[in-house]
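The values are calculated or read from the model by the stated rules, or taken from the named source; none is laboratory data. The structure displayed is predicted, hence computed values, not measured ones. Backbone-built Cβ (ideal geometry, glycine too); neighbour counts: all protein chains shown. Note: areas computed on protein heavy atoms with side chains; ligands, DNA, RNA excluded. Shrake-Rupley method; radii C 1.70, N 1.55, O 1.52, S 1.80 Å.
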Amino acid sequence: MGNERVAIVTGAGTGIGRASALALVKEGYRVVLTGRRPEPLEETAAAASEPARTLVVPGDVTKPESVRELFARTQQAYGRLDLLFNNAGAGAPAVPLEDLTFEQWQTVVNVNLTGVFLCTQEAFKL
């Protein structure tokens, strides 16, 4: 297992994250699937051409302790990381800017910027 390529895909439960995770498994990667909702992550793992090449680690990229746990589990399982796909993202509702609440704005920033920062920081450590 030591020479196999390992990837983490955030937002791996649906959409582009799921499609990318499945493609990486097909290309021979071991893929750590993460996102906030366990059920879609399990569905992604089940849909993989080789489900045993996946590891489901539910978590929230906006929370430092959750991101640390993700990377600790990855290191424990595989000992390395070769690819990080920061795919998790959030969008603001389609409202005029003056109607967008601070909380809605902060959610977008936390997922799209802080989440990428936290994951990238841990990836460099690993």
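Taking region 86-115 as the range and being among the polar types (S, T, N, Q) and more than 17 Å from residue 67 (Cα to Cα) as the test, the residues that pass are 101, 104, 106. For region 31-52, filtering for residues that are under 13 Å from residue 85 (Cα atoms) and not hydroxyl-bearing (Ser, Thr, Tyr) leaves 4.
Yes/no per residue for (1) modelled with pLDDT of 95 or more; (2) small (Gly, Ala, Ser); (3) outside any loop (DSSP other than H, G, I, E, B); (4) surrounded by 15 or more Cβ atoms within 10 Å (Cβ to Cβ):
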site	(1), (2), (3), (4)
59	yes, yes, no, yes
76	yes, no, yes, no
98	yes, no, yes, no
115	yes, yes, yes, yes
118	yes, no, yes, yes
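Which of the residues belonging to region 9-30 are under 15 Å from residue 88 (Cβ atoms) and either outside any helix (DSSP H, G or I) or open to solvent by 10 Å² or more (accessible area, probe 1.4 Å) (or both)? Even if it seems obvious, please write down each step before you answer.
So in region 9-30, the residues under 15 Å from residue 88 (Cβ atoms) come out as 9-21.
Within region 9-30, 9, 10, 11, 12, 13, 14, 15, 16, 18, 19, 20 qualify.
Reported count of residues in region 44-57, each being among the polar types (S, T, N, Q) and not in a helix (DSSP H, G or I), is 2. Exactly one residue out of 41, 33 is outside any helix (DSSP H, G or I) and touching a Gly at 6+ places or on another chain (Cβ under 8 Å): that is 33.
The residue list 37, 68, 80 contains one member that is under 17 Å from residue 15 (Cβ atoms) and surrounded by fewer than 18 Cβ atoms within 10 Å (Cβ to Cβ), which is 37.
Per-residue answers, yes or no, for (1) basic (Lys, Arg); (2) closer than 24 Å to residue 3 by Cα; (3) within 13 Å of the chain's Cα centre (by Cα):
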position	(1), (2), (3)
52	no, yes, no
65	no, no, no
70	no, yes, yes
75	no, yes, no
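Tallying residues that are in a loop (DSSP other than H, G, I, E, B), closer than 20 Å to residue 125 by Cβ and not polar (S, T, N, Q) within region 78-96 yields 5.
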